Amino acid sequence: MEYTVQKLADLAGVSPRTIRYYDEIGLLKPARINSSGYRIYEVKEVDRL
């Protein structure tokens, strides 16, 4: 399953800004970035969070 920043934030109970900040500081990198520039997270990243 794939999660966008918003879906992952909702699942984790944090703000989307927090997820983007975690990416910025290298704590939680997305599995990939799609052609539209959206960060895409997968189960591995969800488990890490």
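The values are calculated or read from the model by the stated rules, or taken from the named source; none is laboratory data. The structure displayed is predicted, hence computed values, not measured ones. Cβ sites come from the backbone with ideal geometry, for glycine too, and all protein chains shown count toward neighbours. Note: accessible area is taken over every heavy atom of the protein model, side chains too, but ligands, DNA and RNA are not part of it. Shrake-Rupley method; radii C 1.70, N 1.55, O 1.52, S 1.80 Å.
Evaluated against (1) in contact with a Pro (Cβ under 7 Å, 6 or more places away or on another chain); (2) without any contact (Cβ under 8 Å) to a residue 24 or more places away in the chain, THR18 falls short on exactly one condition, (1). In the range 22-32, what residues are within 10 Å of the chain's Cα centre (by Cα) and open to solvent by 40 Å² or more (accessible area, probe 1.4 Å)? Of everything in the range 22-32, those that are within 10 Å of the chain's Cα centre (by Cα) and open to solvent by 40 Å² or more (accessible area, probe 1.4 Å) turn out to be TYR22, LYS29, ALA31, ARG32. Figure legend. Inter-residue proximity from the range 21-49: first residues without any contact (Cβ under 8 Å) to a residue 40 or more places away in the chain, second residues open to solvent by 50 Å² or more (accessible area, probe 1.4 Å) and part of a helix (DSSP H, G or I), beta-carbon distance below 6 Å, spacing 6+ or different chains. Indicated pairs: LEU28/TYR22. Of everything in the range 1-21 that is of a type in the set (S, T, N, Q) and assigned to a loop (DSSP other than H, G, I, E, B), the residue that is surrounded by the fewest Cβ atoms within 10 Å (Cβ to Cβ) is SER15.
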